[in-house]
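The block underneath contains the structure these notes are about, expressed in structure tokens.
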Amino acid sequence: YFLDKSDKYDSRDVERLQQDDKWVENYLIWRHDVVDDTLKMIDESFQWRKEYTVNDLSESVLPKWLFEIGALFLHGYDKEGYKLFWFKVKHHTKDPKQQLDKKKLVAFWLEHYAKRDHGKPLTVVFDMAETGISHIDLDFVRFIVNCFTDYYPNFLTKIVIFEMPWIMNAAFKIVKGWLGPDAISMLKFTNKSDVQEYISAEYLPPHMGGTDSFKYSYPPLVDDDFQTPLCENGPITSEDEHESKEEIDADTKEAGDMNEAQNLNQKKMNSIEQISKSEETDKTEVKPKNAKKALTTFKGPLLHISPAEELYFGSKETGEKKCLIVLTNITKNVVAFKVRTTAPEKYRVKPSNSSCEPGTSLDIIVSLHGGFAASLQDRFLIMAAEMDQSSGAGGPELTQFWKEVPRTKVMEHRLRCHVIESNKPSSLTLKDNAFNIPAKTNEDLHIQLTHLLQINRRLEEQMNRCLWFQQLSVVLSLLSVTVAAFCFYLAYAQRS
């Protein structure tokens with residue numbers, strides 16, 4: 001494909017395909033591990049990506065009014081922790097002159113999210129309240145469907161359709177014909193009484209029976225992960241005072257033993273890397289073919305961050321209320337960092353604004369305040385940037401540094417929260433200083449379920465073939481018996 005059609009691909013996509021195993025894996029999963037079908041899908045999606053200049057789509061190249069009407073945007077999470085991709089159908093009208101720009105807007109949002117959250121699956125919500133025949137645009141709907149079935153593999157968890165007017169039933173029968181059997185099972189037709197089976201009230205607008213006060217506006221572009229005010233540290237409540245005093249005393253002691261602490265941190269990182277290597281060694285022996293290996297470390301250009309994706313907190317029953325984030329500076333300069341959260345009233349981050357020396361590791365403790373519980377919707381943002389050797393690393397210097405550093409030089413990485421229901425300790429949860437393998441996430445279970453469905457489908461195909469051969473054998477046997485009986489009859493007749 002590359003030799004014959006290299007001029008039809010964007011070289012950046014080809015380079016990413018050669019380096020990003022997760023991207024390749026998503027294509028394979030979506031095409032049930034059939035390599036020829038996977039290659040065909042990659043070929044078609046790469047040609048589409050170049051045609052729509054997906055890698056170069058930005059706010060500046062799209063008409064401003066497309067963002068202002070608010071027909072498409074990312075906001076909130078469903079009950080499984082997947083991002084919600086909203087289509088406000090009432091804001092869409094069919095216009096052939098605007099069709100290409102609207103399609104590019106869809107590609108812009110999908111690519112924007114894919115780059116920010118490393119291709120985590122989405123839940124699509126078609127909000128069809130207050131819509132009618134004038135809003136039906138089957139060509140646009142087909143494009144949206146194709147984006148998920150052909151161009152963004154393994155990107156869709158479900159399609160929630162809210163209050164579809166009866167007049168559109170015929171149109172959606174056509175849409176079902178475009179969806180494969182896997183995608184059809186993802187369709188969820190809902191109304192005000194049952195939509196909360198999939199999305200909690202806190203992320204539903206009032207007209208859908210929810211309590212979300214979010215109002216779309218532009219500019220700026222909706223910062224979908226951090227729409228709540230950001231805080232670098234949570235408040236210290238009366239319940240935390242005793243614990244905070246102990247932590248302050250511990251900090252004073254730690255300040256005098258910085259070298260020893262750094263050595264311990266390095267040992268922790270080595271143990272984490274050993275766990276990661278052992279997982280790679282055992283992958284082919286223990287895990288199924290499509291099972292996702294848990295990522296232990298995110299390897300950024302400035303910092304390596306462990307864990308890579310999720311912080312594991314215990315439920316109210318388990319009582320695990322602290323998590324550890326380990327930052328490792330891989331540069332030759334001092335790296336300043338900040339940690340921010342969408343729920344500052346729940347969490348206390350320590351330290352939340354500091355710096356890391358070249359080649360060293362640093363622990364960040366994230367603790368829940370008493371009376372609060374972690375939620376799947378909670379997020380943490382780690383910001384990092386290199387500092388000049390001449391710059392100091394004290395509080396005033398860091399404050400001034402963050403005011404002056406260009407946005408383009410800031411590395412950002414996001415972490416989600418995961419709640420563990422069992423008493424089994426998990427990765428990077430502070431409990432008796434244990435570092436264990438993390439529990440399976442919803443995405444891991446989704447991948448394994450997809451793999452089981454693939455195996456089930458193949459078994460069904462083999463069973464159908466066996467039944468067909470069995471039926472054919474019975475028919476041939478009956479024909480043989482009939483022919484033999486006829487021959488015996490003729491022989492008997494001739495003798496008579």
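Shape analysis of the range 57-208 yields a ratio of the Cα radius of gyration to the Kirkwood radius, Rg/Rh, of 0.93. Of the peptides 206-212, 474-480, 86-92, 336-342, the ranking by mean beta-carbon count within 10 Å, highest at the top, reads 336-342, 86-92, 206-212, 474-480. Annotation: per residue accessible area for the range 5-138 equals 44 Å², rounded to a whole number [probe 1.4 Å, protein chains only]. Close lysine pairs were tallied over the range 1-79: pairs 8 or more places apart or on different chains with Cα atoms under 29 Å apart number 11.
Projecting label points 7 angstrom from Cα along Cα→Cβ for ASP33 and LEU449 puts them 2.0 nm apart.
If you plug the beta carbon distance of GLU68 and GLN471 into 1/(1 + (r/R0)^6) with R0 = 51 Å, you get a FRET efficiency near 0.20. Taking only protein heavy atoms and a 1.4 Å probe, the accessible area of the range 298-419 is 50% carbon and sulfur.
You can think of it this way: the chain between LEU221 and ALA129 has 30.7 nm of extra reach, that is 0.36 nm per residue less the Cα-Cα gap.
Among 27-40, 67-80, the peptide with the highest mean count of other Cβ atoms within 10 Å heads the list, and the full ranking is 67-80, 27-40. Three principal axis extents describe the C-alpha atoms of the range 298-419; from largest down they are 49, 26, 22 Å.
Just the protein heavy atoms count here, and of the accessible area of the range 57-208 at 1.4 Å, carbon and sulfur take up 55 percent. Using the average count of surrounding beta-carbon atoms within 10 Å as a protection proxy, the listed peptides 143-153, 185-195 rank, highest first, as 143-153, 185-195.
The values are calculated or read from the model by the stated rules, or taken from the named source; none is laboratory data. Computed from a predicted structure; not experimentally measured. With ideal geometry, Cβ positions are generated from the backbone for all residues, glycine too; neighbour counts draw on all protein chains shown. Please note that ligands, DNA and RNA were not included when accessible areas were found on the heavy atoms of the full protein model with its side chains. Shrake-Rupley method; radii C 1.70, N 1.55, O 1.52, S 1.80 Å.
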